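Everything on this sheet refers to the single structure shown next.
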2 protein chains.
Amino acid sequence: MTQTKEGFFWSPTHSYNGLETDAVRISSHTVAQSYDVVVIGSGFAGLIAARDISQKRDIKVLLVEGRDRIGGRTWTAKAMGQEFEMGGTWVHWGQPHVYSEIRRYGLHEALKITSGTGDLQRMMFKPKDQAVKDLDPQATDALLDQIAEKFFTVNGQTARQLMPFPHQPFRTPAQPWEQYDHMSVRDRLDQIEATEEAKQLLEAHTNSFGCGTAEDTSFTEALRWFTLGGYSFQGMYEAVGMFKLGNGGMTALASRILDDYQGDILFNSTVQEIHQDQERVSISFKNRPPIQAKHAVCTIPLNCLSDITFSPPLDPTRLQAISKGHTNTGAKIHFSLPTTEKGWFANTPDATQSDYLMSFSDSNPSVKGEAQGTNCIAFSYSGKLQDPGANEAIISSFKALRPDAEVQAYLTHPWATDEFAKGTWYCGGPGVTTRYLRALQKPHGRVAMASGDWADGWRGFVDGAVEQGMLAARWVVRSQSV
Amino acid sequence: MTQTKEGFFWSPTHSYNGLETDAVRISSHTVAQSYDVVVIGSGFAGLIAARDISQKRDIKVLLVEGRDRIGGRTWTAKAMGQEFEMGGTWVHWGQPHVYSEIRRYGLHEALKITSGTGDLQRMMFKPKDQAVKDLDPQATDALLDQIAEKFFTVNGQTARQLMPFPHQPFRTPAQPWEQYDHMSVRDRLDQIEATEEAKQLLEAHTNSFGCGTAEDTSFTEALRWFTLGGYSFQGMYEAVGMFKLGNGGMTALASRILDDYQGDILFNSTVQEIHQDQERVSISFKNRPPIQAKHAVCTIPLNCLSDITFSPPLDPTRLQAISKGHTNTGAKIHFSLPTTEKGWFANTPDATQSDYLMSFSDSNPSVKGEAQGTNCIAFSYSGKLQDPGANEAIISSFKALRPDAEVQAYLTHPWATDEFAKGTWYCGGPGVTTRYLRALQKPHGRVAMASGDWADGWRGFVDGAVEQGMLAARWVVRSQSV
């Protein structure tokens, strides 16, 4: 068992930075000065790209990483004898790219169900300016379905008609969703007739798509989640929040992919500059000599791209997109509760009074074969609870959403201040998808740009990272053979 | 443009066997006597297995095929300036393995929508012993949803609870569906209270899962389709019958996969015997000298496995499964109609009075930019219309379901009498999944057995074939390195 520098554990008696994980890797014994391909970043996009490219005979590959571990914004920590997903977590067979990888390695056998979404017994909700109250799950689902149908049917076009190809945003002729991309969730809510209760309910759920408010989230991002989830909130929660990997978690998947990679690896090495001419790419580091390659794959997240000097520079549209960035800095915090609780789910659209947007039970740890205590997960609104050591705020805010809860420990990864992430998963604001997505996906000269942040389908998900890594690999292999 | 020996075209003025297609391949210039791995069959399971295995440096692979073309039970013919899918057709991002391949090669851009399922304007239905009548699509969908909920909720357990992991049939503890595997669709229909109209409606749809009657189809196979489709008939039809590849069709996908394969190919070569000892596999052919390999992948369909001599023999459970086979021999016939028709769908549970179980419009051919005429697709009940040249029966039966239709041409592939298929897609009868599936999936000594006929998830689909090919490749690569 090894320890990463990352992650934070708190309990009343002891707290520490740097959690145990199987994700830590050490660099290859020797790293050359020159490769056919350098893949920058060992998140899922980078792992898939590196693996796929290295399968080709005669292509020599180096995978470089600034961290001490694989997985990027997705990794599995170990604490208290249990596993915790510090970032990306939920997968499903409706996420085609990552599911196919999970199936390849037989890890689907380790899928398990999050109790707060998969076995819901208690539903709580905090309306704006009001206290938390219990809701009837069935009646609430029915209400949500009802308002969702209104919300996602615009000018007589249903979600199915607005976005018939959710894995291919841009088509000829253009799909109807494009004309509504300028709208925020708030704009759309203002257009429909529904009770305040129903609107707040929908808002609480769509806020979770990017840890933002109804003003922050674009209508079309909400539409995309709903559409990819099979045009229902139930299907959407199944697809994005119900099934997770046990038995090593997402780090086990990352490890299997890396096992199949046939090339060198270089960790703890921060890229500073990506220079290229007609023939090659030169990658400079903060802490080691530069490395040359014929091609590169850059999987650096959107919010970190401005830290890299590209020469020649990136195109103006991409630079605009980078300067705008994405605003999801919601904290994900695992709480350990002493009480053994059945599945529950709590959320709120009240970003003023509540630091958290939602929280739900995940599992009951097994102690000598018996369920004992509850692990639950809470997501904060962006910008809130960014200091992992601020235990008083973290716990008291949690009690605002779950008044009766006692916290015996928590774990979190401060993604917003993480120099290699500067945020959590991508979610677009109004106008952003039509304006920037195409530019972000283009290769920059001899450098493929691949990140789940600008995937076609499950953008912001591990699935999107796998999609992007797969495409980058194909582009690089074809470019190499020219 | 090349011509395969396969497929049949009929029109009043001329008919012929052997259609044009991009699927035809010729063997490698030289084929050795010995390989590391021989992959038998170039359907999707074989193509994926061959491609993936051949990516590994130092593994020498041969892909052998009895036909003159790639694709197995899936290939795209060309006639009248158009493309026709003669077998497997519809794909979706909810089919994770095949969608991931489609995305890899950028073919998702060519997805198009079948009008009879994706743009339905007219719905027709022939109740038992009655004439065809028009139905109101919305009211019918609502009725179908209603009876589906009753039908798929057994002893208080919903479809979600009966089969929570549709891509992993066998789990510990066993999933509830297993205890109902002995039931046919008929058995389950007899248990529920619903109008005869509603029952016949559901029956007509579930009959299409295996081109059989409610007695032929197991309740759990119907449950699997419904579950994989996201727990609704609408979602199911989207996942299995709405989106197809244009621009080269499924043969374009097969070709892209073969392009990435790095090994030899041998076509028009029928395997007769698969012999193995502790060290190697020897594959004998009808028409050429045997070939040796360290391992093999056998993708021969269930209904053809009894034509191969295995020594040592296959295990008794697998032999039982093979001797039982699967009973789907429904004919798939493309009709060209002179009338330019909007989306329509017609079906019937009346296997006594109707040779066809369903028919629907697919597209309107474009002539000088204008829609002109209609292509539609009809599926017969198993055992019916097996002679592609019996044009009178084929056309008059079609008119029984679509009385007003004129047929100006048709195309079909006689899968039931095809020596390398002996049936169409797999669908299990009562008791078969629990009894045989596990045995069918096991390797036989040094031979991986891979077919969509015994896939975990989308069994009977191209997706299942990709799943199986991927798993076989991984097994072989790991076995080779031992």
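The values are calculated or read from the model by the stated rules, or taken from the named source; none is laboratory data. If you're wondering where the values come from, they're calculated on a predicted model, not measured in any experiment. All Cβ positions, even for glycine, are placed from backbone atoms using ideal geometry, and neighbour counts span all protein chains on display.
Quick look at the values:
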item: Out of B:Thr412, B:Thr417, B:Thr434, B:Thr374, sole residue that is out of contact with any strand residue (DSSP E or B) (no Cβ under 8 Å at 6 or more places or on another chain), farther than 20 Å from B:Phe44 by Cβ and buried (at least 20 other Cβ atoms within 10 Å of the Cβ); result: B:Thr434
item: Restricting region B:392-404 to residues that are surrounded by fewer than 20 Cβ atoms within 10 Å (Cβ to Cβ) and at pLDDT below 95, the residue that is nearest to B:Leu357 (Cα to Cα); result: B:Ala400
item: Residue list for region B:372-391, restricted to those being within 11 Å of B:Ser354 (Cα to Cα) and of a type in the set (S, T, N, Q); result: B:Ser380
item: Given (1) closer than 30 Å to A:Asp129 by Cα; (2) surrounded by fewer than 23 Cβ atoms within 10 Å (Cβ to Cβ); (3) in contact with a Ser or Thr (Cβ under 8 Å, 6 or more places away or on another chain), index of the condition A:Phe219 fails; result: (2)
item: Selection within region A:95-118 - facing another protein chain (nearest Cβ under 10 Å), over 16 Å from the mean Cα position of the chain (by Cα) and assigned to a loop (DSSP other than H, G, I, E, B); result: A:Tyr105, A:Gly106
item: Scan of region B:119-133 for residues that are more than 12 Å from B:Asp350 (Cβ to Cβ), assigned to a strand (DSSP E or B) and in contact (Cβ under 8 Å) with a residue 24 or more places away in the chain, ordered by number; result: B:Leu120, B:Gln121, B:Arg122, B:Met123, B:Met124
item: Subset of region A:189-216 [within 12 Å of A:Gly330 (Cβ to Cβ) and either part of a loop (DSSP other than H, G, I, E, B) or free of Cβ contacts under 8 Å to residues at least 60 places away in the same chain (or both)]; result: A:Ser208, A:Phe209, A:Gly210, A:Cys211, A:Gly212, A:Thr213, A:Asp216
item: Only listed residue being more than 14 Å from chain A (Cβ to nearest Cβ), farther than 18 Å from A:Pro164 by Cβ and surrounded by 24 or more Cβ atoms within 10 Å (Cβ to Cβ), chosen from B:Met86, B:Met123; result: B:Met86
item: Hey, B:Val37 within 14 Å of chain A (Cβ to nearest Cβ) and buried (at least 24 other Cβ atoms within 10 Å of the Cβ) or not; result: no
item: Scan of region A:331-345 for residues that are out of contact with any Lys or Arg (no Cβ under 6 Å at 6 or more places or on another chain) and either part of a strand (DSSP E or B) or closer than 20 Å to A:Met242 by Cβ (or both), ordered by number; result: A:Lys332, A:Ile333, A:His334, A:Phe335, A:Ser336, A:Leu337, A:Glu341, A:Lys342, A:Gly343, A:Phe345
item: Qualifying position, being within 14 Å of chain A (Cβ to nearest Cβ) and of a type in the set (Val, Ile, Thr), among B:Val407, B:Val477, B:Val432, B:Val447; result: B:Val477
item: Check on B:Lys384, charged (D, E, K, R), at pLDDT 95 or above and crowded, with 19+ Cβ neighbours inside 10 Å; result: yes
item: Enumeration of residues in region A:435-444 that are away from chain B (no Cβ under 14 Å) and assigned to a helix (DSSP H, G or I); result: A:Arg435, A:Tyr436, A:Leu437, A:Ala439, A:Leu440
item: Residue match in region A:462-473 (condition: in contact with a strand residue (DSSP E or B) (Cβ under 8 Å, 6 or more places away or on another chain), more than 14 Å from every other protein chain (Cβ to nearest Cβ), in contact (Cβ under 8 Å) with a residue 24 or more places away in the chain and aliphatic (A, V, I, L, M)); result: no
item: Residue in region B:123-130 that is of a type in the set (Lys, Arg) and under 30 Å from A:Arg474 (Cα atoms) present; result: no
item: Residue among A:Asp264, A:Asp259 that alone is of a type outside the set (A, V, I, L, M) and within 14 Å of chain B (Cβ to nearest Cβ); result: A:Asp259
item: Subset of region B:112-164 (residues that are β-branched (Val, Ile, Thr) and touching a helix residue (DSSP H, G or I) at 6+ places or on another chain (Cβ under 9 Å)); result: B:Thr114, B:Thr117, B:Val132, B:Thr140, B:Ile147, B:Thr153, B:Val154, B:Thr158
item: Selection count where residues are surrounded by fewer than 22 Cβ atoms within 10 Å (Cβ to Cβ) and in contact with a helix residue (DSSP H, G or I) (Cβ under 8 Å, 6 or more places away or on another chain), scope region A:11-21; result: 1
item: Selection count where residues are part of a loop (DSSP other than H, G, I, E, B), under 23 Å from B:Pro289 (Cβ atoms) and either modelled with pLDDT under 95 or acidic (Asp, Glu) (or both), scope region B:254-276; result: 0
item: Of the criteria (1) within 30 Å of A:Leu411 (Cα to Cα); (2) assigned to a strand (DSSP E or B); (3) among the hydroxyl-bearing types (Ser, Thr, Tyr), which one A:Tyr35 fails; result: (1)
item: Tally of residues being surrounded by 16 or more Cβ atoms within 10 Å (Cβ to Cβ), more than 14 Å from chain B (Cβ to nearest Cβ) and of a type outside the set (S, T, N, Q) across region A:127-149; result: 7
item: Among (1) in contact with a His (Cβ under 9 Å, 6 or more places away or on another chain); (2) assigned to a helix (DSSP H, G or I); (3) within 12 Å of another protein chain (Cβ to nearest Cβ), the one test that B:Gln161 misses; result: (1)
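Conditions tested, residue by residue: (1) in contact with a His (Cβ under 7 Å, 6 or more places away or on another chain); (2) of a type in the set (Asp, Glu); (3) over 30 Å from A:Ser366 (Cβ atoms).
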| position | (1), (2), (3) |
| --- | --- |
| A:Gly7 | yes, no, no |
| A:Leu19 | no, no, no |
| A:Ser28 | no, no, yes |
| A:Gln55 | no, no, yes |
| A:Val61 | no, no, yes |
| A:Gly66 | no, no, yes |
| A:Ala79 | no, no, no |
| A:Ser100 | yes, no, yes |
